[in-house]
Amino acid sequence: MTTGAQTPTPLDTRPRRSRLRTFLPLGLAVWLVLEIWLLTVVAGAAGGFTVFLLLLAGFLLGSVVIKRAGRRAFRNLNEALQRGTPPSSGGGSGLMMLGGLLLMIPGPVSDALGLLLLLPPVQRAVGRYTERTVDRKLRAAGPGSLGDAFQQARMHRPDGKVVQGEVISRDERGEGRQDRRPPLTQ
């Protein structure tokens, strides 16, 4: 006999892990092992002092690139604010900063990726790919997700004020029952 009541869901039904959360730790571990192995191979062929100088040069070059890209981004932002227009998305300052960060991370693989990101054609290609991917993900996102977050914030809190309220829960018959809890602020 059915009563119309919903069947309780088991408590151990957790949402399925995304592929990123599953494979990201494994990928990072493989990347770190590869970096360390390549450093030992280079140290065996060229010597430990040469590897130290390469790591130091990569760190210094990465810091210079990050500083330069940051200055360029700040200058573009100031110019756009003085003109009263939105800042241009071009320029690749973010990708230059990422390239500089990869140069600062010790290891030949990260150095090679960092140097690739400093090339303008690679920056344009990665920028277009990233823009298309983000645009597609935001279009596919349903209401109430990250794609709709800024619109929701504007609709519900246009002035940024916090509205005091009281939680009222309903039991199965639909009758209101007030929670007997003290207010959060007094």
Solvent-accessible area of Leu98 with every protein chain in place, 1.4 Å probe, in Å² to the nearest 10
80 Å²
Length gained if Leu34 through Thr85 is fully extended, taking 0.36 nm per residue and subtracting the Cα-Cα distance, is 13.8 nm
Leu117: accessible area at probe 1.4 Å, nearest 10 Å²?
20 Å²
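Ranked by accessible surface with a 1.4 Å probe, highest first, in what order do Trp37, Trp31 come?
On the way: Trp37 145, Trp31 70 Å².
So, going from the largest accessible area down, we get Trp37, Trp31.
Local charge sum around Leu60 (other residues, Cβ-Cβ under 13 Å, Lys/Arg +1, Asp/Glu -1)? Show your work: numbers first, answer last.
On the way: positive: Lys67, Arg68; negative: Asp111.
Around Leu60, the charge tally is +1.
Of the accessible area of the stretch 99-142, with the probe set at 1.4 angstrom, what percent is carbon plus sulfur?
Values: 1980 of 2870 Å².
Ligands and nucleic acids excluded, carbon and sulfur give 69 percent.
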Could you tally the net charge around Tyr129, taking each other residue with its Cβ under 14 Å from the Cβ of Tyr129, Lys/Arg +1 and Asp/Glu -1?
+3
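By accessible area of protein heavy atoms, probe 1.4 Å, what ranking do Glu79, Glu131, Glu35 get, highest first? Please list the in-between numbers first.
Details: Glu79 80, Glu131 130, Glu35 10 Å².
Descending order: Glu131, Glu79, Glu35.
Order the following by accessible area, largest value first: Val65, Val42. Probe radius 1.4 Å; ligands, DNA and RNA are ignored. Before the final figure, lay out the partial values.
Values: Val65 15, Val42 55 Å².
So the residues, ranked largest to smallest area, are Val42, Val65.
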Please give the solvent-accessible surface of Leu119 in Å², to the nearest 10, using a probe radius of 1.4 Å with every protein chain present.
90 Å²
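The values are calculated or read from the model by the stated rules, or taken from the named source; none is laboratory data. The shown structure was predicted, so the numbers you read here are calculated from the model rather than taken from an experiment. Virtual Cβ from ideal backbone geometry, glycine too; neighbours counted across all protein chains shown. In case anyone asks, the SASA skips ligands and DNA or RNA and just uses the protein heavy atoms, side chains included. Shrake-Rupley method; radii C 1.70, N 1.55, O 1.52, S 1.80 Å.
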